[in-house]
1. Restricting to region 33-57, what's the tally of residues that are without any contact (Cβ under 8 Å) to a residue 12 or more places away in the chain and part of a helix (DSSP H, G or I)?
2. So, in region 59-75, how many residues would count as being surrounded by 13 or more Cβ atoms within 10 Å (Cβ to Cβ) and not in a loop (DSSP other than H, G, I, E, B)?
3. Search region 61-83 for residues that are hydroxyl-bearing (S, T, Y) and pair each with any residue that is at pLDDT below 80 when their beta-carbon atoms are under 8 Å apart and the residues are at least 6 apart or on different chains.
4. Here are T28, T7: which of them is surrounded by 10 or more Cβ atoms within 10 Å (Cβ to Cβ), part of a helix (DSSP H, G or I) and modelled with pLDDT under 90?
5. Given the criteria within 25 Å of V92 (Cα to Cα) and in contact with a Phe, Trp or Tyr (Cβ under 9 Å, 6 or more places away or on another chain), does L49 qualify?
Amino acid sequence: MANNTKTNEFHKQQNKEEMKKQLITFATMIIFTIIAFVIVGSGIMSKMLAIPLLLILAVVQVAFQFYYFMHMKDKGHDMVAIMIYGGVWAAVLTVAALSLVIWW
């Protein structure tokens, strides 16, 4: 009976930590979105600086989505991770190839 209580307390603590990480990640993503809107809406920086910064913010948000909200950091998601990373790689290759064809 005491072992069951310890196990329940351990799972409650784990769930609390997981929720804390997700809330911090969510708040960070909201802040990144606000930063992106301010950059675009106010015109405080040139396009040469704004576009790479916006792309970096977008990539970070996608990584947060994968790892925290799609639970890619958890064990047992290996095949899903392989499929998603394969899709991302195919998309990168497609964009690179089309860019090369357009700009050549």
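The values are calculated or read from the model by the stated rules, or taken from the named source; none is laboratory data. Keep in mind that what you see is a predicted model, and the values were worked out from it rather than measured. Cβ placement follows ideal geometry from the backbone for every residue including glycine, while neighbour counts extend to all protein chains displayed.
1. Of all residues in region 33-57, those without any contact (Cβ under 8 Å) to a residue 12 or more places away in the chain come to 34, 37-38, 41-52, 55-56.
Checking which are part of a helix (DSSP H, G or I) leaves us with 34, 37-38, 41-42, 47-52, 55-56.
Qualifying residue count for the region: 13.
2. Within region 59-75, the first condition is being surrounded by 13 or more Cβ atoms within 10 Å (Cβ to Cβ), and the residues that meet it are 60-61, 64-68, 70-72.
Narrowing the set further to residues that are not in a loop (DSSP other than H, G, I, E, B) leaves 60-61, 64-68.
The total comes to 7.
3. Close Cβ pairs satisfying both conditions: Y67/K73.
4. Details: T28 fails: modelled with pLDDT under 90.
Step by step, each of T28, T7 is checked, and only T7 is surrounded by 10 or more Cβ atoms within 10 Å (Cβ to Cβ), part of a helix (DSSP H, G or I) and modelled with pLDDT under 90.
5. On the way: within 25 Å of V92 (Cα to Cα): yes; in contact with a Phe, Trp or Tyr (Cβ under 9 Å, 6 or more places away or on another chain): no.
When the stated conditions are applied, L49 does not pass them.
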